[in-house]
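**Student:** Structure in structure tokens, see below.
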Amino acid sequence: MNSLEQQITSLAKSAVKALYGVEAGDSQIQLQKTRPEFEGNITLVVFPFVKTARKAPQAVAQEIGEWIINNQMVNDPYGEADRSTGGRLEMVNGFNAVQGFLNLTISDSFWVEQLKAINADENYGRFKHPNGKCPNGKCENDQMLMMVEYSSPNTNKPLHLGHVRNNLLGYSIAQIQEANGWKVVKTNIVNDRGIHICKSMLAWLKFGNGETPESSGKKGDHLIGDYYVRFDKEYKKQIAELTAGGMDEETAKREAPLMLEAQEMLRKWEANDPEVRALWAKMNEWVYAGFDETYRRMGVSFDKIYYESNTYLEGKSEVEKGLASGAFYRREDGSVWADLTKDGLDEKLLLRSDGTSVYMTQDIGTAKLRFQDYPIDKMVYVVGNEQEYHFKVLSILLDRLGFPFGKELVHFSYGMVELPNGKMKSREGTVVDADDLMDKMVADAREISKDKVNTLQGITEEEADEIARMVGLGALKYFILKVDPRKNMLFNPAESIDFNGNTGPFIQYTYARIRSVLRKSVSDSGLSGEAGLSSVSDSGLSLDPKELALIQRLTEYPSAVRTAGEEFSPAVICNYAYALACDFNSFYHDLSILNEPDGQKKALRLLLAANVAKVLRSAMALLGIEMPERM
């Protein structure tokens with residue numbers, strides 16, 4: 001369907017062409033919702049045309065308004081306009097000009113036809129191509145490909161609250177970009193090698209006594225995380241002993257036996273020592289199994305997983321090529337560096353003096369492999385803002401190495417999740433574990449909704465548990481995603497689970513309320529929102545302001561999806577879904593649906609309710625949130 005904004009844009013362009021003889025560009029057509037103190041539904045800003053018209057803003061707005069009124073027959077979005085008009089209908093039935101603003105009043109009949117069009121559109125809020133354009137000048141099924149990387153866990157610890165925000169943002173961004181017409185490949189890079197991995201391995205060898213996930217009853221990622229914390233605890237003891245003996249702290253950190261052993265283990269790993277590699281493989285499998293369980297429960301997934309252990313050698317090879325070409329240089333101790341001072345940065349280590357690689361080396365190799373594996377048009381890294389410098393450097397290094405995609409990488413930089421008592425530290429064990437957090441959210445939802453759920457007739461304990469799961473995880477996801485992703489956020493579980501206010505449960509409850517109304521309409525009279533479509537006529541049907549406001553909000557959904565895609569911001573979808581739920585609850589409070597005596601009005605309101613539910617479900621799906629049919 002052509003949206004209301006598209007049709008008004010077309011009319012405005014035609015008016016400017018007819019009145020002033022110029023072709024208006026898309027950027028010149030500025031539309032916004034009419035402010036509540038003025039009459040109208042949608043406002044056209046006419047200041048961009050004042051210079052061309054050589055008239056005062058008030059006069060320009062008046063002229064364009066009059067032209068639209070007299071030349072406004074637009075395409076019927078649903079195809080049921082009076083055939084005497086050639087399948088076209090009147091859209092604007094009034095206007096007022098206020099300085100440089102043209103406030104347009106949309107006819108009730110047009111709003112009803114917009115509602116019908118929304119109902120008939122199975123893909124409402126989804127686009128065929130990014131930015132509304134065919135990729136590479138082609139159409140049909142060709143799609144531009146976006147790769148979105150998120151999660152990026154280390155195999156020395158379980159996923160924590162910081163990973164939760166990363167995963168939820170990455171998955172939602174992928175869903176939103178798919179709705180905007182991109183073909184999306186969701187990818188993960190697992191950091192499964194390096195000194196941090198060796199710390200967990202060494203601690204398990206020294207203190208584990210052969211403990212396994214089976215023998216301990218722990219998830220594998222939790223078990224290995226415990227040994228990462230144990231390493232740090234024992235390491236600090238050794239540092240304290242060395243400093244007590246007269247050694248300075250920095251030297252003690254370097255010379256502590258545990259650290260030296262971990263570094264030696266890393267060298268053996270890179271030299272393919274069979275014993276070290278076998279231990280590494282065994283412990284990583286424990287962690288992968290734990291990660292998979294957490295991802296399934298969180299509701300996120302990946303199309304392709306890369307492993308640093310497979311990509312770092314590609315990176316080392318590219319660094320060696322860069323060294324040979326003069327792009328990089330080697331210091332006296334054998335380490336390899338990139339001089340980025342001409343780019344306004346500093347010097348960056350690429351290979352240590354012992355030949356071992358760093359994160360940057362791995363990312364160079366991973367980028368190379370990804371662009372070999374997929375015809376990527378846009379590569380997006382969902383990584384916290386603490387890594388902004390890293391991705392600036394990566395882009396420059398890839399470009400210096402001759403990769404054409406180097407300058408086109410996008411770092412989606414998001415803020416950190418903070419706790420009331422400060423930042424989390426994995427090595428000290430002061431993290432909010434993702435599994436524990438999800439357990440608590442679901443348990444809280446079960447407790448808070450117990451009275452509500454128990455009033456539902458015929459519901460089983462299993463169904464009640466499933467509702468609690470949806471509500472608990474929905475509360476968590478919405479609370480994380482409703483915040484502007486570029487801002488740091490303070491996590492407060494108690495606020496997130498509230499059934500009132502700007503929360504996931506509030507929107508889920510609104511959806512469940514609508515579904516209950518629709519079920520009751522079927523049992524009472526056999527009339528549902530969808531079935532009532534054929535009985536809704538726009539002829540002489542007058543809309544209540546609450547009905548009109550709700551229809552207008554529904555027409556804004558595609559614009560919200562487009563904006564969320566352009567800004568890479570799930571918060572835009574959260575804000576839209578919350579506003580739509582609020583509008584529906586205001587409508588529901590003031591106007592009867594099932595007890596409305598007028599058959600046309602009743603059918604219209606059922607149709608309206610059905611499509612609010614449809615759009616809420618669609619919007620929340622973009623956030624990875626499930627919607628319960630009953631609450």
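**Student:** Could you give every pair whose Cβ atoms fall below 9 Å, whose first residue belongs to segment 136-154 and is under 30 Å from residue 294 (Cβ atoms) and outside any loop (DSSP other than H, G, I, E, B), and whose second residue is among the small types (Gly, Ala, Ser) and modelled with pLDDT under 80, counting only separations of at least 6 or pairs across chains?
**Tutor:** 154/426
**Student:** Give the residues of segment 1-30 that are of a type outside the set (S, T, N, Q) and in contact with a Ser or Thr (Cβ under 7 Å, 6 or more places away or on another chain), sorted by residue number.
**Tutor:** If the condition is that a residue be of a type outside the set (S, T, N, Q) and in contact with a Ser or Thr (Cβ under 7 Å, 6 or more places away or on another chain), then 4, 5, 20, 22, 29 are the ones that fit.
**Student:** Which condition breaks for residue 626 when tested against (1) touching a Leu at 6+ places or on another chain (Cβ under 9 Å); (2) open to solvent by 10 Å² or more (accessible area, probe 1.4 Å); (3) not in a loop (DSSP other than H, G, I, E, B)?
**Tutor:** (3)
**Student:** Now for a different question. Return the pairs, sorted by first residue and then second, in which the second residue is of a type in the set (Ser, Thr, Tyr), the first residue lies in segment 215-234 and is open to solvent by 50 Å² or more (accessible area, probe 1.4 Å), the beta carbons are less than 7 Å apart, and the residues are 6+ apart or on different chains.
**Tutor:** none
**Student:** Counting only residues that are surrounded by 14 or more Cβ atoms within 10 Å (Cβ to Cβ) and part of a strand (DSSP E or B), how many does segment 343-360 have?
**Tutor:** 5
**Student:** Also, quick follow-up: Only one of these conditions is not met by residue 382: (1) within 17 Å of residue 186 (Cβ to Cβ); (2) in a helix (DSSP H, G or I); (3) at pLDDT 95 or above. Which number is it?
**Tutor:** Evaluating residue 382 over (1) within 17 Å of residue 186 (Cβ to Cβ); (2) in a helix (DSSP H, G or I); (3) at pLDDT 95 or above leaves (2) as the failure.
**Student:** A follow-up question, please. Taking only segment 580-603 into account, find how many residues are open to solvent by less than 20 Å² (accessible area, probe 1.4 Å) and in a helix (DSSP H, G or I).
**Tutor:** Here the count works out to 5.
**Student:** To continue, here is another question. Take the residues of segment 235-270 that are acidic (Asp, Glu) and open to solvent by 50 Å² or more (accessible area, probe 1.4 Å): which is nearest to residue 207 (Cα to Cα)?
**Tutor:** Per the criteria, the residue is 261.
**Student:** Out of all the residues in segment 303-314, which are buried (at least 20 other Cβ atoms within 10 Å of the Cβ) and modelled with pLDDT of 95 or more?
**Tutor:** 306, the sole residue that qualifies.
**Student:** In segment 1-118, which strands (runs of 3 or more DSSP E) lie fully inside it and hold 1 or more residues that are at pLDDT 95 or above, closer than 30 Å to residue 609 by Cβ and in contact with a strand residue (DSSP E or B) (Cβ under 8 Å, 6 or more places away or on another chain)?
**Tutor:** Qualifying strands (runs of 3 or more DSSP E): 42-45, 101-106.
**Student:** Could you count how many residues in segment 315-338 are among the polar types (S, T, N, Q) and open to solvent by less than 60 Å² (accessible area, probe 1.4 Å)?
**Tutor:** Residues flagged as among the polar types (S, T, N, Q) and open to solvent by less than 60 Å² (accessible area, probe 1.4 Å) within segment 315-338 amount to 2.
**Student:** While we're on this one: Restricting attention to segment 576-610, which residues are within 21 Å of residue 563 (Cα to Cα) and either in contact (Cβ under 8 Å) with a residue 40 or more places away in the chain or hydrophobic (A, V, I, L, M, F, W, C) (or both)?
**Tutor:** 576, 577, 578, 579, 580, 581, 582
The values are calculated or read from the model by the stated rules, or taken from the named source; none is laboratory data. No experiment lies behind these values; they were computed from the predicted model shown. FYI the Cβ positions are ideal-geometry reconstructions off the backbone, even for glycines, and counts take in every protein chain you see. Just so you know, the surface numbers come from the protein's heavy atoms only, side chains and all, with ligands and any DNA or RNA stripped out. Shrake-Rupley method; radii C 1.70, N 1.55, O 1.52, S 1.80 Å.
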